[in-house]
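The structure under discussion appears below in the form of structure tokens.
No value in this document is a laboratory result; all are computed from the given coordinates. Predicted model only: the values in this text are computed from it and were never measured. All Cβ positions, even for glycine, are placed from backbone atoms using ideal geometry, and neighbour counts span all protein chains on display.
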Amino acid sequence: MATQAGNFSERDSRRDADHVSFLKHRRWRWMKVATALVAVVVASYLLIDIKPRHNGGSWYGYTLGTIGAGLIVWLSLLGIRKRKMTEGKWSLKAWTSAHVYLGLALIVIGTLHTGFQLGWNVHTLAWGLMILVIVSGIYGIAVYALLPAKLAENRKQMTKAEMLESLESIDRQLEAASQPLGREESDLVIAALEQDPFGFGLITRLSGRYGSCRTIRALNAFDRGSVHSEDVDKVVKLLRRRRGQLEQIRRQMKLRALLDVWLYVHVPVTLALLAALTAHIISVFYYW
């Protein structure tokens, strides 16, 4: 019984840990580590006197540079780590938590490494790319904290397949309802049905402005028309249902795009940072 109770307790604690955000992992362990690291770096920067002034070429600058470069390389390995799902001390959640907080600490470490001496050179390029990577990472944290709830709310308990099935059902009804219409009105409906609802670029998805949507154009044309009949009213009603379903799908695509777009910046700029960092280190040793 004691063994069973111990096993249940262990499983319960593991289950509770699974529901804790990576930001709060192990009671904010990595936030505390990063805060302590920043405090030590700032204190040492203020207390150690470097002549004539702090700079990246001093022994202290080299020390901070070594720490910063090591962190950058280690933090960039998160993408590789994601492919290996394990539990324990270095679980993916622990690694991600460390990635976030130590990445934020790099703002201080990297900036103090420069001694605030920035210019048009490869050293400042590496610092600038580092800041851009961190800022894009902050955006990623923000959207992953806020958008999943909005995605769930917009779905209204519908799966992606169910949303598409609903649109297809409306399309079949529209196709049948448009048969009795005149050629001009029927062409408006056919044009709307033939348009690929997913055939829009990233900018359109992010903005949520679908000015070329043929469903909206068809509705506007019917609203301006002078012919009103039972057949036309039925088609207009179905077009409005189609517009509503498209709006739900497009909101979902917009939220999904906002969730993913930061990776189009974060990952390529990280690679550029590693290249600039390599050039920075080589140039430092070349002119040493």
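A few comments on the model shown:
- Distance between modelled label sites at A142 and M158, nm, 7 Å Cα→Cβ extension: 3.0 nm
- Test item: Cα-centred dipole of the stretch 160-260, Lys/Arg +1 and Asp/Glu -1 on Cβ, debye: 560 debye
- Helical content alone sets the calculated 222 nm signal of the chain at -26000 deg cm²/dmol, taking -39,500 (n - 2.57) per DSSP H segment of four or more residues and averaging over every residue.
- Angle between the chain longest axis and helix 2-19 axis [Cα atoms, degrees, rounded to 10]: 70 degrees
- Taking each residue as 0.36 nm, the span from H228 to A279 lengthens on full extension beyond its C-alpha to C-alpha distance by 11.2 nm.
- Among G115, G65, G199, residue whose mean-square fluctuation peaks in a GNM of the chain (springs only between Cα atoms under 10 Å): G199
- Cβ crowding within 10 Å ranks E185, E168 as E168, E185, fewest other Cβ atoms first.
- Entry for the stretch 117-247 at q = 0.09, 0.15, 0.21 Å⁻¹: log10 I(q)/I(0) = -0.44, -0.82, -1.23, Debye formula applied to identical alpha-carbon scatterers, no solvent contribution.
- Note that the stretch 49-205 carries a Kirkwood radius of 21.0 Å, evaluated over its alpha carbons pair by pair.
- Of S212, S283, S166, the sequence from fewest to most neighbouring Cβ atoms within 10 angstrom is S212, S283, S166.
- Dipole check for the chain: with +1 at the C-beta of Lys and Arg, -1 at the C-beta of Asp and Glu, and the Cα centre as origin, the magnitude is about 920 Debye.
- Kirkwood-Stokes translational diffusion coefficient of the chain, alpha-carbon pairs, 20 °C, 1.002 mPa s, µm²/s: 90 µm²/s
- Ordered by the number of other Cβ atoms lying within 10 Å of each residue's own Cβ, fewest first, Y45, Y101 fall into the sequence Y45, Y101.
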